[in-house]
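Right, I'll just put the structure down here and ask away after.
The values are calculated or read from the model by the stated rules, or taken from the named source; none is laboratory data. Note that the structure is a prediction, hence the values are computed from the model and not measured. Don't worry about glycine lacking a Cβ; one is built from the backbone with ideal geometry, like all the others, and counts go over all protein chains shown.
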């Protein structure tokens, strides 16, 4: 399954779900990052440790391990 | 948690909002400078309260709560908000209304929190901030529709940046207080019959036990099901008045387990259920009711363009280091003139007092105790203010979170967290706000390690020591044509502290065990030009804090020192033995001299090291007092000259050399010398263990660091 961890800068995807053992998912959903929502990868940090994303109307950064636990249905662009 | 506004019966309101929603800017606009920040020591919670004059008849109190994304706590900061709210639910000290600050340019995520506030049976006013951004992006928000759909007391479009909407907000506050209108919005759970069925037993327990209203009971049931952290608010509340019987807790957790099992069985993941329901409701509402024009997700913002350079994989880190270098070089050059003026001013006052008063004990106390003490406080102010101004500018600009974004990988590697960067950098100004800022790090282990190493970041209290020693003993020569050797020495001290901090962090991260995993979710707000008044405000608050909090200690120590250095008075007519040798201070200094001799320190520095355990900067006033006393009454000598010319009474050689100055500075880089820091560490870690560990490791580093510098330097022939 593709995850946000596989996405490159500039790509837009639709979230399909989370990996079951991901502790962070409760916080992410509270911030509006939930299945069905569009997500755009803005850029990867130096050394690819974390990734800057756009969700809804804001930018957020998460670590690569967590990005790999967010699954993507389809990549739009 | 303390009761908020008990002393008078003024109505009070709470200000709640997401981080970066401009909540504090609105608080500042409403209260002006009439605010009180509860601070160290003794209080771990930074609560800002202020007084707002609404009109001629009405004046209210306002409480600014920490920024939060949800009433279900994730970090300590958020737990503070959740606990306050739980108190209100249970009828303790309820606010007359809640002002929910919403970033209009980021509507749906901000309204999530608002939707949680609507369930509390407390009138809600939406302060729709950042309308300037909405306008700039050519978007529109239908205020009327928003108000109607949310059924809140009022929606006030505002721009804290342009100071717009404040009067309207005040009007609305007065109406809300008089009317006390409550919202009555559509229940989230109406359509979800299955979920309702599973939650029913918990809802009934809440209604029966606490008399929660229908809507509140549903909301609370949903919340405790969703998150353990919401459940733990009932299990271990910090507020003593909210102790729930074990019987109730047992029953609640049993019902909770049951409901969770049923939900999971029918395919609802319980950990995301509250957010899923609310966002579905919210997104539905926002699209249907035409509240906001939708923006394409692929719109590239100006901030994104700026980030192409500022967080570039190569230029980003380079720019960051460049900014740090620039800040420290400017502190050194810009602060010189005001410091010189303050120094001269204090000297003139001292000379005037000596000329106009009769000699005696009182004049001595005034000149050598009090005037010297005031001088010692004021002299740091230029540097502290410049540093605080820089830090506030970077923070308000939105740059600090970019730094955390870039540095997280590196920080994780040394056992820290991307969010450790900000507290560590605040540590350059003062360890105390830095340690308090670690509350945003949501994993305990990383937070603890950050707390333990923050005092190694050279705080502004060390600057006076560096400045004194560098100014007196390091020559102002140019290196590579552009850098000043004095400035470079200063930068070296900062790097020494910071570098050691990283090594120590790595060691602690190997030693400290933890079961909870580190997490990192951080918003990157759009870049904004910092507001001059916001910077001034922060500079003013910090400056005031320094003068009155640290100043008090410095003043007291200064007077005690004058006493210790002047008494007991010896009737000793032989002029070659200075009376200070036989004073209390001299005795202590002489007593510890054998221990500190290998570091290159004489007994006077020994006195300084003892007194500076109260606060680092005290060493400067101590030395000032000691040298003034030694010169005897007659003139206030410049401390720099006194240090440069001080000679050993036995050998006749100079007491100080550049090597001694370096050794002393290294000692100050590492040494644990600040009572206020220990108080705050004790508070934040809730134990004596960690502050003690901190003192031990730092003192050890200081002693051996200085020992290596002085003995090594002497061996290499840098002794004189």
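Would you check which residues across the stretch B:405-443 are over 20 Å from residue B:394 (Cα atoms) and within 14 Å of chain A (Cβ to nearest Cβ) and list them?
Correct list: B:409, B:410, B:412, B:413, B:414, B:416, B:442, B:443.
Let me ask you something else. Where in chain A are there strands (runs of 3 or more DSSP E), lying wholly inside it, with at least 1 residues that are more than 8 Å from every other protein chain (Cβ to nearest Cβ) and touching a helix residue (DSSP H, G or I) at 6+ places or on another chain (Cβ under 8 Å)?
Passing ranges, in order: A:12-18, A:38-44, A:50-55, A:70-75.
Which residues, taken from the stretch B:477-495, are loosely packed, with under 14 Cβ neighbours inside 10 Å and within 11 Å of residue B:329 (Cβ to Cβ)?
B:482
Can you work out which of the residues in the stretch B:516-552 that are in a loop (DSSP other than H, G, I, E, B) and away from chain A (no Cβ under 12 Å) is modelled with the lowest pLDDT?
Out of the qualifying residues, it is B:531.
Can you work out which of the residues in the stretch B:130-141 that are crowded, with 16+ Cβ neighbours inside 10 Å and in contact (Cβ under 8 Å) with a residue 40 or more places away in the chain is nearest to residue B:103 (Cα to Cα)?
Selected residue: B:130.
Under 7 Å between Cβ atoms, at least 6 apart or on separate chains: pull out the pairs that start in the stretch B:46-58 with a residue that is over 21 Å from residue B:80 (Cβ atoms) and end on any residue that is at pLDDT 85 or above and part of a strand (DSSP E or B).
Final answer for the pair search is B:51/B:59; B:51/B:61; B:52/B:59; B:52/B:60; B:52/B:62; B:53/B:59; B:54/B:60.
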